[in-house]
Amino acid sequence: MICEKILGKVTDEEFSGKKVDYVDIHWDEAFKKLHRKTSTGGVEIGIRLDDSVLTRGLHQDDVLAAEGDTVLAVNIPPCEVIIVHIDAHHPHMVAKACYEVGNRHAPLFWGDEEGTFITPYNEPMRVMLDKLHGVETEVKNMKLDFDKRISASVHSHTH
C-alpha cells in the first residue's frame, strides 16, 4: 500500500468507530517525505508525501490510509529526552540554553511547565547544559509532542 497524503486525525468524526493500526515513525523521521514501514498489524506500506511534510511533519494520530473498518495512523514512539529546567531566579538563562541547543542543530520543544524545555537526548548536550548556571537537566523517556516544537524544523542533523 502506498500512502501519499495525510487524511486527518484518528479523532475525526469520519474515522469514529474504526480500528486503528499504527505505524511507528520515530521523531527523527517525522519530517521525511519517503518511508517504507510495516504497521503493528503487519501491513507493509510505502509513504510518499509532498514537500509540505518538510515543514509540517507527521504527528501522532495522523491518518495515512483508511480501508474498510481500519485506519492506518502514525505513532511517534517515546524516546529518551533531556528536560531542561531553568531556575526562576535566572530567567536570562532561557536565551543561553535555547541558543546552545539550536547551535547544535537539535530540535527544541516547550516543556509542560514554565521555564522547561525538551530536546532529544545525547550525552554531550546534557553535559553542556548541566554546566550552565541556573540550569538543571533530567533524562526521561517520553513522546515528543510536535505541536509544542519551538524549532522551525526537526531533523537528526549532527556534526
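By the Stokes-Einstein formula, at 1.567 mPa s and 4 °C, the chain with its Kirkwood radius over alpha-carbon pairs has D equal to 76 µm²/s.
The accessible surface of the chain, taken with every protein chain in place and a 1.4 Å probe, is 50 percent carbon and sulfur. The three principal axes of the C-alpha atoms in segment 112-155 carry coordinate ranges of 29, 23, 21 Å, sorted with the longest axis first. Measuring nothing but how far apart in sequence close Cα pairs (under 8 Å, 6+ apart) lie, relative to its length, segment 1-143 scores a relative contact order of 24 percent. Taking every protein chain into account, the accessible area of segment 97-143 amounts to 57 square angstrom per residue (probe 1.4 Å).
Distance between the C-alpha centres of segment 3-25 and segment 42-63: 11 Å, rounded to the whole angstrom. Computed over the alpha carbons of segment 71-159, Rg followed by Dmax gives 13.1, 48 Å. Rounded to the nearest 5, the antiparallel percentage of DSSP beta bridges internal to the chain is 75%. Placing +1 on the Cβ of every Lys and Arg and -1 on the Cβ of every Asp and Glu, with no other charges, gives the chain a dipole of roughly 480 debye about its Cα centre.
The values are calculated or read from the model by the stated rules, or taken from the named source; none is laboratory data. It should be emphasised that the depicted structure is a prediction, and the values quoted were computed from it without experimental measurement. Neighbour counts run over all protein chains shown; Cβ positions are idealised from the backbone, glycine included. Areas reflect the complete protein model, heavy atoms only, side chains present, ligands, DNA and RNA absent. Shrake-Rupley method; radii C 1.70, N 1.55, O 1.52, S 1.80 Å.
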